[in-house]
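Since every read-out is calculated from the coordinates, none of them should be taken as a lab result. None of the values given here were measured: they were computed from a predicted structure. Reconstructed Cβ throughout: ideal geometry from the backbone, glycine too, with neighbour counts over all protein chains shown.
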Amino acid sequence: MQWEVVIGLETHTQLTTRTKIFSGSPTQFGAAPNTQTSPVDLALPGALPVMNRSAVERAIQFGLAIGATIAPYSVFARKNYFYPDLPKGYQISQMDLPIVQGGRVSFAMEAGGKTEIRSVQLTRAHLEEDAGKSLHEDYHGMTGIDLNRAGTPLLEIVTEPDMRSAAEAVAYAKALHTLVTWIGICDGNMQEGSFRCDANVSVRPVGQKEYGTRCEIKNLNSFRFMEDAINYEVRRQIELIEDGGRVVQATRLYDPDKKETREMRSKENAHDYRYFPDPDLPPLIVSAEWIARVQAEMPELPGAMRERFTQEYGLSDYDAAVLTQSKAMANYFELICSIAGPEQAKPAANLLMGDVASAVNRDGIELDAAPVSAAQLAVLLHRIADGTISNKIAKEVFSAMWEARSDSPTIADELIESKGLKQISDSGALEKIVDEVLAANIKSVEEFRAGKEQAINALMGQAMKASKGKANPAQLTELLKRKLTS
């Protein structure tokens, strides 16, 4: 039987406010346990919540970024459940009337050797407070409770069940991560819990309209874990059904060490939480004027920039998608182009997506901390364009520039000169190299003249080796062909 995978994601996005959603307590990560709390966070008798305007503005920003409806009237509700780290015995959230309704997130995805632009429909995004944290280590058989996170503002972003593979779910999650960090409503730090996803996964026979029974995998805080967890859960459900069993709706956790999901508890439905409007909070009213003010301050969004890069710089959909995966990368690219000229857009994109990205990943740093500036890279690109160095030598120069950590705007020129890396373009010197290579590789010469055209690749390799990689490749190729066909 052929199976279809159905996936929906719920993403808890911690908002970048200085204080909590209903109190003035700070939200700084890493403080000593229970030092960032107030009577409101601790649910002391008589303490009343007050809405944080900055949290609302961030929700409005997100709604505008995804083309959603910003509800002029939304309501906070009490979601009742009992955990040790939930002091009130309920969580303040939104249920029937969320602030953000609908909208779409678009993203580029490689499929069948092509780049496709796909989109996922969102159901809603609603404001809520986070719970505290239970600590299980070093308490001699007891559990410690840290309420620093209690009341931290979250925007929970819920998709329709639009995704059909783990790879597609990850591509969406990465695009969402880019978007919320791009517009500045979330710092995106997955290790600290600022961006974490729950995946609802089910399977059904191909052609069946009804959804299968879903299981929710909670608290996925890395894209790799998300893909592994969803793939495991899909296999588990298919094998279970094919063996005559049935999938039971449940909440599951992913164990990255064992690479498997395990049941945490039976899955609750909305009625289990006994939602009702919170009597301590008035309805949230968002005026058209407020939305217009937020709209006026919005930056250019990744999708719009991606489209502009293809039109303004002639980049492919793939290149534009990669360059707009982060605002830092996009800004770095545009800065290089503003210095080197728009004609260097494609070489600049290749350099950023290749050597620069590799160096940043290897060193474990952010692009903003890269030791090579846009102005320095512009000089390097010009030296490739004017034939001073080849693309191959440029890699060596770039590596030396990265290690040098120099402030000199002409560090590329200085390294090319000091290391003797200038490309050999003198026709006399190249002709001498070619003659020596042809004389030493008679078999390859004969193969080429017998119709085996790829034999020129071996000769080209020998010639580049003889020149220590400094020969101008275009001139060398032309000279080889002329000598071989004469």
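A few notes on this one:
- Converting phi to 3J(HN,Hα) with the Karplus coefficients 6.51, -1.76 and 1.60 and the offset θ = phi - 60°, region 212-225 yields x, 6, 9, 10, 9, 9, 8, 6, 8, 10, 8, 5, 5, 4 Hz in sequence order, with x at every glycine or proline.
- Magnitude of the charge dipole for region 82-167, about its Cα centre and with charges confined to Cβ atoms of Lys, Arg (+1) and Asp, Glu (-1), is about 340 debye.
- Residue pairs, from the table LYS327/LYS470; LYS346/LYS392; LYS88/LYS133; LYS114/LYS327; LYS452/LYS483, whose Cα atoms sit over 26 Å apart: LYS327/LYS470
- With Cα atoms, 0 to 90° folded angle of helix 455-466 axis to the chain main axis: 90
- Were the residues from ARG18 through ALA385 laid out at 0.36 nm apart, the gain over their Cα-Cα distance would be 127.3 nm.
- Whole-Hz Karplus values for region 369-374 come out as 9, 4, x, 10, 7, 4 Hz, taken residue by residue from phi with 6.51 cos²θ - 1.76 cosθ + 1.60 and θ = phi - 60°; glycine and proline positions read x.
- Length released on extending from THR251 to TYR73, taking residue separation times 0.36 nm less the Cα-Cα span: 60.9 nm
- Highest to lowest packing among 43-51, 338-346, scored as the average C-beta count within 10 Å: 338-346, 43-51
- Spin-label zone in region 355-397 - amide nitrogen under 17 Å from a point set 7 Å from the Cα of GLU343 along the C-beta vector: 378-389
- Remark on ARG252: its backbone amide H falls under 5 Å from those of GLU216, ILE217, LYS218, MET264, a criterion applied only to residues 5 or more positions apart or on other chains, H modelled at 1.01 Å from N.
- Residues with amide H under 5 Å from that of TYR81, placed H, sequence gap 5 or more: TYR90, GLN91
- Shape class for region 226-369: oblate, because the ratio a/c of the largest to smallest gyration tensor axis (alpha-carbon atoms, square roots of eigenvalues) is 1.5 or more and b/c is at least a/b.
- Inter-probe distance in nm under a simple model that places probes 7 Å from Cα toward Cβ, at ALA292 and GLN191: 4.5
- By average C-beta atoms within 10 angstrom, highest first, the peptides 458-470, 220-232, 289-301, 80-92: 220-232, 458-470, 80-92, 289-301
- Acute angle (nearest 10 degrees) that the helix 327-340 long axis makes with the longest principal axis of the chain, alpha-carbon atoms: 30
- Relative contact order [Cα under 8 Å, 6+ residues apart], the chain, whole percent: 14
- Each Lys and Arg contributes +1 and each Asp and Glu -1, all at the Cβ; summed about the Cα centre of the chain, the dipole is approximately 640 debye.
- Per residue of the chain, the DSSP helices (runs of n ≥ 4 H) give a summed -39500 (n - 2.57) that works out to -12000 deg cm²/dmol at 222 nm.
- For trypsin sites (Lys or Arg not before Pro), the sites in region 244-279 that DSSP calls loop and that have at most 16 other Cβ atoms within 10 Å are ARG246, LYS258, LYS259, ARG274.
- Cα centroid separation - region 40-115 against region 212-246, whole Å: 26
- Selected from ALA369, GLN61, ILE185, residue furthest toward positive end of dipole (the chain; charges at beta carbon): ALA369
- Simple spin-label estimate for ILE442 and HIS136 in nanometres, 7 Å along Cα-Cβ: 7.7
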